[in-house]
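Working notes, structure below.
The values are calculated or read from the model by the stated rules, or taken from the named source; none is laboratory data. All values reported here derive from a predicted model rather than from experimental measurement. Counting neighbours? That spans all protein chains shown, and the Cβs are built from the backbone with ideal geometry, glycine included.
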């Protein structure tokens, strides 16, 4: 008898929990929000060209970011990735002694380079480093780029 009572109680609880409050808070209407006026906190930057190197990673590799500002807006951005020996990362990045010894590692290295090319384009389009999205395969480059450019743009902010 007690097993039947427990089973009935469990079923009743499940049924009642399914009949909960359907008056949940309304979801944000993304389409309506996209048509809203831009935030009044839009940042203006001093005109000029700003260049900064990142700190070296654990292998000695680093990146150089350059941002050009004209009329207070970011008009151009560049990103160059370097190996620990100071050579630019290119189609040989991920090879060992000029040869592909591990195809998977080589493919990952090349995907990282390819993905990183997207970050400067996004910065110019979005005008906000915090809105630059990470690209699959280039997450570490994304994080380093965001940190580097954030520091650079802090120095470039125009006084109001």
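Considering only residues that are closer than 20 Å to residue 157 by Cβ and touching a residue at least 24 places away in the same chain (Cβ under 8 Å), which ones fall in the range 55-77? Please lay out each step first, then the result.
Within the range 55-77, the first condition is being closer than 20 Å to residue 157 by Cβ, and the residues that meet it are 65-77.
The answer is 65, 67, 69, 71, 72, 73, 74, 75, 76, 77.
So which of 109, 44 ends up being surrounded by 14 or more Cβ atoms within 10 Å (Cβ to Cβ), at pLDDT 50 or above and closer than 23 Å to residue 158 by Cα?
Numbers: 109 fails: closer than 23 Å to residue 158 by Cα.
Going through 109, 44 in turn, the sole match is 44.
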Residues of the range 137-158 classified as in contact with a helix residue (DSSP H, G or I) (Cβ under 7 Å, 6 or more places away or on another chain) and outside any helix (DSSP H, G or I), total: 2
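Just to be sure, is residue 49 closer than 26 Å to residue 145 by Cα, modelled with pLDDT of 95 or more and either exposed (fewer than 10 other Cβ atoms within 10 Å of the Cβ) or over 22 Å from the mean Cα position of the chain (by Cα) (or both)? Quick ask: steps written out before the conclusion?
On the way: closer than 26 Å to residue 145 by Cα: yes; modelled with pLDDT of 95 or more: yes; either exposed (fewer than 10 other Cβ atoms within 10 Å of the Cβ) or over 22 Å from the mean Cα position of the chain (by Cα) (or both): yes.
Judged against the criteria, residue 49 is a match.
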Residues satisfying the stated conditions in the range 72-83, i.e. assigned to a loop (DSSP other than H, G, I, E, B) and at pLDDT 95 or above: 83
